[in-house]
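> I have a structure I would like to understand better, so I am pasting it below and will then ask my questions one at a time.
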Amino acid sequence: MNRTDRLYALVEELRAVAPRPRSARWLAERFEVSVRTVERDIAALQQSGTPVYAEPGRTGGYCLDRAHTLPPVNLTPQEAVAMALALRRLDGTPFRQAAASGLRKLVAAMRADDAAAAQALAERIHLVGASAPATMPPVVGALPVGRVLRIGYADRSGATTTRDVEPLGYVGVREQWYLIAWCRLRASVRIFRIDRISTVVPTRQAAPPRTFPEAELDIPAAGREALSLFARTAG
C-alpha cells in the first residue's frame, strides 16, 4: 500500500470506530508499518486539516472527530455530467471559477473508472453557444446504460409514432435539447426534439456500441462544443 492509499485508509479506519480511539501500535499492525510511520502519517493528516486528535491514557490513541468530517463522495457518471451541465449555466457570473474548481475536486475524488465513464458520457453531449439550455433531457440516464429506449414521438403535425431508439448523444441549441439516436424504425441516425418525446420506456434490449455521429449532424463544428468535466476557470 502506498502512502496516499494508507492515509486514506487511516482516515476511514478512524471514522469507522469514532469516537473510540485506535492506538498507534494497533494501527501499525493493521497497516503493516512501524509505529513511527503511523505517527508521521497522523501528523501529515493533522497538518492537512483532518480533525484527528490524540487521546491520552492507557486506553487512549488517535480519534477522528466525525462531526467535522464527511464520508467519501462517490458521484455516478450521470451525476458528474449533470453537475457539469449545471455549471455551464453559471457562465458570466462571479461564481463560475469557484464552481469549476469545485467540480474538478469532485471528479478527482471519483473512482478512476467512473471518472472515465463520466468524461465519455460528457463527450456525447454537444452544446451550441456559450451555455447549456435550461431544459434538461429526461432520458440522459439511458446513455451510459446502453439500453434501447421505446419512445413516443410527435412530428410537426402532432402525429405520434412509437420508435425503438439507441441513444448516442445530445445536442443543446439555445433553449432546446435534441436527442441524437439510432432509430431502428428508419435504420439510421435521427435527431429527436426532446420536447416532442411524450413517453420513454427502457427496454431489456442492450444497444450495440456506436460512436457519436458528429459527421452526420447538420450543425457546423465551429459553433459546436463537446461538454467537458474539466471546465475552464476563466470568467
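> Please check: in the Gaussian network model of the chain (C-alpha springs, under 10 Å), which one of 46, 176, 205 has the largest mean-square fluctuation.
46
> Which longest uninterrupted range of the chain lacks any GluC sites (Glu not before Pro) assigned by DSSP to a loop state (not H, G, I, E or B) and surrounded by at most 12 other Cβ atoms within 10 Å?
33-174
> Could you tell me the relative contact order of region 159-235? Use alpha-carbon pairs under 8 Å, at least six residues apart, and round to a whole percent.
Over region 159-235, the number comes to 21 percent.
> Let me check I've understood the local charge: for residue 156, count other residues with C-beta under 15 angstrom from its C-beta, Lys and Arg +1, Asp and Glu -1. What total comes out?
Its environment carries a net charge of +1.
> A follow-up question, please. Mind checking which of 107, 17, 165 has the largest fluctuation in a GNM of the chain, springs on alpha carbons under 10 Å?
Comparing 107, 17, 165 in a Gaussian network model of the chain, the most mobile one is 17.
> Show me the trypsin sites (Lys or Arg not before Pro) within region 78-109 that DSSP assigns to loop and that have at most 15 other Cβ atoms within 10 Å of their Cβ.
Here the sparse-neighbourhood loop sites are 89.
> From the Cα trace of region 183-223, what convex hull volume per residue do you get, rounded to a whole Å³?
Taking the convex hull of the Cα positions in region 183-223, it is 114 Å³ per residue.
> Once R0 is set to 25 Å, what does the formula 1/(1 + (r/R0)^6) return for the Cβ-Cβ distance between residue 54 and residue 108, expressed as a FRET efficiency to the nearest 0.05?
That pair, residue 54 with residue 108, gives E of 0.25.
> Counting only Cα, what are the radius of gyration and maximum Cα-Cα distance Dmax of region 6-69, in Å?
10.5, 29
> On a 0 to 90° scale, report how tilted helix 96-109 is relative to the longest principal axis of the chain, with both axes built from alpha carbons and the result rounded to the nearest 10.
Value to nearest ten degrees: 70.
> Among 192, 212, 95, which one shows the biggest mean-square fluctuation in a GNM of the chain, springs joining Cα atoms closer than 10 Å?
In the Gaussian network model the winner is 95.
> Can you give the angle from 0 to 90° between the axis of helix 77-88 and the longest principal axis of the chain, with both taken from C-alpha atoms, to the nearest 10?
So the inclination is approximately 70 degrees.
> Report the extension gain between residue 204 and residue 74 in nm, rounded to one decimal, defined as 0.36 nm multiplied by the number of residues separating them, less their alpha carbon distance.
44.1 nm
> Taking amide H positions as placed 1.01 Å from N in the peptide plane, with prolines and chain starts having none, which residues 5 or more places from residue 147, or on another chain, fall under 5 Å of its amide H?
Under 5 Å from the amide H of residue 147 lie the amide H atoms of 207, each far enough along the sequence or on another chain.
> With +1 on each Lys and Arg Cβ and -1 on each Asp and Glu Cβ, and nothing else charged, work out how big the dipole of the chain is about its Cα centre, in Debye to the nearest 20.
I would put it at about 220 debye.
> At residue 211 and residue 226, where each label point lies 7 Å from the Cα along Cα→Cβ, what is the point-to-point distance in nanometres?
1.0 nm
> Related question: When a/c reaches 1.5 or more, the comparison of a/b and b/c decides; with that in mind, is the chain rounded, prolate or oblate per its Cα gyration tensor?
Verdict is prolate for the chain.
> Quote the relative contact order of the chain in percent (integer), defining contacts as alpha-carbon pairs under 8 Å separated by 6+ residues.
19 percent
> In degrees between 0 and 90, to the nearest 10, how far off the longest principal axis of the chain does helix 3-17 point, with axes built from Cα atoms?
Tilt of helix 3-17: around 80 degrees.
> Let me ask another. Can you compute the modelled spin-label distance between residue 9 and residue 65, with each label point 7 Å from Cα toward Cβ, in nm?
Inter-label distance under the simple model: 2.7 nm.
Rule-based calculations on the coordinates, nothing more; no lab input. Computed from a predicted model, the values in this text were never measured in an experiment. Backbone-built Cβ (ideal geometry, glycine too); neighbour counts: all protein chains shown.
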